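Colleague: Okay, handing you the structure first.
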Amino acid sequence: MSNSYNETSLPAEPSLTKAETRKVVWELSTPTLIEMFLVSLTGIADMIQVGRVGPAAITSIGLTNQPMMILFAVFQALNVGTTALVARFIGMGDSRKASETFRQTLVVTILLGTVFSFMAGFGAPYLLSFMGAESDVMAIGTGYFRVVGFGFLFSAMAMGITSALRGAGDTRTPMMVNLWANGINVIFNYILIFGKFGFPELGVVGAGIATVFSRIVACVWFVCISFWGQGSLRLNIKEKFRLDFGLLKRVFTVGVPAAIEQLVMRSGQVVFARVISGLGTVVFAAHQVALNALSLSFMPGNAFAAAATTLVGQYLGAGRPDDAEQCANTSRNMAIWVGVITGVVFIFFGRYITLLYSNDPTVVLVSALVLRIYAFAQPAQAVQFVLAGGLRGAGDTMYPLYSTAIGMWLGRVLLAWFLVQVLGWGLPGAWLGMCLDQVLRGVLIQLRFRTGKWKTITV
């Protein structure tokens with residue numbers, strides 16, 4: 001099943017033509033795009049089914065997701081560093097060192113993931129209360145949070161393994177695994193939320209159980225592939241799984257800025273969510289519906305960013321920095337065109353998209369409006385997604401941190417707070433802050449990439 005890009009597709013020529021560049025970008029980004037599309041469809045299906053329970057159910061999931069994302073941010077230090085180092089080692093032709101990097105990531109993920117699972121599970125009611133959940137949300141959201149929290153370890157392991165596979169250029173395996181796992185999630189959502197085929201009607205808690213079960217399936221499958229797959233990354237169960245602090249230092253040197261970036265971003269999103277939760281349960285439900293629909297626009301940017309990360313890392317490892325730059329720029333341009341198309345869809349068809357989630361007229365009206373507002377930020381979002389991915393592939397993870405801190409806290413948080421709390425613009429004001437966030441990050445990342453300093457970074 002594993003199909004390492006480096007083994008099968010890395011051109012032998014000293015320089016890539018534009019046609020070759022587009023080809024290798026498509027080869028890497030297409031499986032990731034399909035995978036993310038499936039993930040987004042699962043999220044959409046989740047929200048559509050949960051939305052039938054009511055606005056409080058939608059809000060409970062939205063408020064749960066924010067602190068969970070902060071926990072995931074810690075693992076970005078491992079995942080980004082792993083992708084960069086694995087890609088660099090694969091580009092150098094050193095698959096043994098790439099596999100050792102993979103092994104270290106898995107060990108640390110298991111250790112930290114276990115601790116975080118207990119923290120999230122037992123801390124569920126306190127975290128929901130901190131997020132500003134109203135009594136109706138607390139009543140149904142605590143059980144969901146507990147279930148998802150205790151299942152955190154399996155999600156973290158799947159993400160860690162995926163980061164290593166993508167560094168090696170294998171984007172097809174994650175696509176296939178997530179295809180089946182997401183299908184399981186949708187099916188068991190239907191069964192457990194509404195109590196079908198003799199199962200009890202569990203509502204939002206049923207959605208949490210279905211999510212965790214699907215993640216367990218994905219995690220077990222990924223582990224099996226890691227030990228018995230046929231790609232360039234292989235783990236041997238007979239080898240000792242002990243920490244290599246020298247190698248981990250290299251991983252964290254690249255990855256810690258990325259983890260801090262995620263913490264800065266996720267903490268900003270928590271504050272942003274708290275500002276919006278003060279507008280009431282129905283408005284926050286509209287916000288969550290719009291965010292869920294917006295996830296469709298993240299797919300192309302993330303897919304092309306994954307391609308840029310892998311290609312930049314591999315070509316720098318092979319001593320071909322000009323090819324690395326051309327791949328990143330091509331990935332960016334392709335993502336921009338897709339972003340423009342997505343923006344047009346949001347402008348003209350946003351209302352029809354939101355009708356899939358809720359039949360509450362206020363939720364539909366407000367969520368469709370903010371989607372139209374955000375449509376104009378799509379090109380900037382594509383630029384910052386993809387070129388930040390390219391910088392991470394080169395090991396230049398400090399500048400994405402700077403751009404995220406400026407965009408998130410100056411644009412999204414402060415401007416949103418001013419427009420919502422001072423001017424009283426409500427949810428549309430908050431989403432204008434989101435737009436400024438993307439524009440600021442896009443400009444800063446583009447300026448950094450043009451300097452070319454990332455080509456000389458050693459990882």
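Colleague: Do any trypsin sites (Lys or Arg not before Pro) in the stretch 215-269 lie in a loop, going by DSSP, with at most 12 other beta-carbon atoms within 10 Å of their beta carbon, and if so which?
Modeller: Counting only loop positions with at most 12 other Cβ atoms within 10 Å, the trypsin sites (Lys or Arg not before Pro) in the stretch 215-269 are 238, 240, 242.
Colleague: Ok, one more. Between the stretch 253-284 and the stretch 103-131, what's the alpha-carbon centroid distance in Å?
Modeller: Each part's Cα centre sits 17 Å from the other's.
Colleague: Can you give the relative contact order of the chain as a percent, counting alpha carbon pairs under 8 Å and 6+ residues apart?
Modeller: Reported as a whole number, the value is 22 percent.
Colleague: Shifting gears a bit: Give me the 1.4 Å probe accessible area per residue for the chain, excluding ligands and nucleic acids, in Å².
Modeller: Accessible area per residue, the chain: 39 Å².
Colleague: Summing -39500 (n - 2.57) over the DSSP H runs of n ≥ 4 in the chain and dividing by its residue number, what mean residue ellipticity at 222 nm do you reach, to the nearest 500 deg cm²/dmol?
Modeller: Result for the chain: -27000 deg cm²/dmol, rounded to the nearest 500.
Colleague: For the charge dipole of the stretch 377-459, defined by +1 on Lys and Arg C-beta atoms and -1 on Asp and Glu C-beta atoms about the Cα centroid, which residue among 435, 423, 447 has the Cα displaced farthest towards the positive pole?
Modeller: Projecting each Cα onto the dipole axis, the largest value belongs to 447.
Colleague: If I take R0 = 45 Å and measure r between the Cβ atoms of residue 197 and residue 333 in this structure, what FRET efficiency does the formula 1/(1 + (r/R0)^6) give, to the nearest 0.05?
Modeller: So, using R0 = 45 Å, E works out to roughly 0.40.
Colleague: Now for a different question. Only Lys, Arg, Asp and Glu count, each charged at its Cβ (+1, +1, -1, -1), so figure out the dipole size of the stretch 248-333 about its Cα centre, rounded to 20 debye.
Modeller: Taking the Cα centre of the stretch 248-333 as origin, the dipole is about 280 debye.
Colleague: For the chain, divide the Cα radius of gyration by the Kirkwood radius and give the resulting Rg/Rh value with two decimals.
Modeller: Ratio of gyration radius to Kirkwood radius: 0.96.
Colleague: Can I ask one more? In degrees from 0 to 90, rounded to the nearest 10, what is the angle of the helix 281-317 Cα long axis to the longest principal axis of the chain?
Modeller: Its long axis makes an angle of about 0 degrees.
Colleague: May I ask you to evaluate 6.51 cos²θ - 1.76 cosθ + 1.60, the Karplus curve with θ = phi - 60°, for each residue of the stretch 333-349 and list the ³J(HN,Hα) values in order in whole Hz, giving x for glycine and proline?
Modeller: 4, 5, 5, 4, 4, 5, x, 4, 4, 4, x, 4, 4, 5, 5, 9, 10
Colleague: Quick one: Cα convex hull volume of the stretch 230-379, Å³ per residue?
Modeller: Convex hull volume per residue, Cα atoms: 191 Å³.
Colleague: Taking the 0 to 90 degree range and rounding to the nearest ten, how far is the long axis of helix 135-150 tilted relative to the main principal axis of the chain, both from C-alpha atoms?
Modeller: 20 degrees
Colleague: Let me ask another. What is the percent carbon and sulfur in the accessible area of the chain, measuring with a 1.4 Å probe over the protein chains and ignoring ligands?
Modeller: Of the solvent-accessible surface of the chain, carbon and sulfur hold 68 percent.
Colleague: Can you give the convex hull volume of the alpha carbon atoms of the stretch 57-164 per residue, in Å³?
Modeller: Here the figure is 79 Å³ per residue.
Colleague: Let me ask another. Put one equal scatterer on each alpha carbon of the stretch 370-420, apply the Debye formula with no solvent term, and list log10 I(q)/I(0) at q = 0.17 1/Å to two decimals.
Modeller: -0.64
Colleague: Still on this model: With labels modelled as points extended 7 Å from the Cα through the Cβ direction, what inter-label distance (nm, one decimal) is found for residue 110 paired with residue 421?
Modeller: Result for the modelled spin labels: 4.6 nm.
Colleague: A further question on this structure: As I understand it, the value is the acute angle between the Cα axis of helix 95-122 and the longest principal axis of the Cα atoms of the chain; what does it come to in degrees, rounded to 10?
Modeller: Once rounded, the angle reads 20 degrees.
Colleague: Provide, as a two-decimal number, the C-alpha radius of gyration of the stretch 108-260 over 2.2 N^0.38 Å, N being how many residues it has.
Modeller: Normalised Cα radius of gyration, the stretch 108-260: 1.21.
The values are calculated or read from the model by the stated rules, or taken from the named source; none is laboratory data. Everything quoted here is computed from the prediction, not taken from an experiment. Here Cβ is always computed from backbone atoms with ideal geometry, including for glycine, and neighbour counts include all displayed protein chains. The area values use the complete protein model at the heavy-atom level, side chains included, leaving out ligands, DNA and RNA. Shrake-Rupley method; radii C 1.70, N 1.55, O 1.52, S 1.80 Å.
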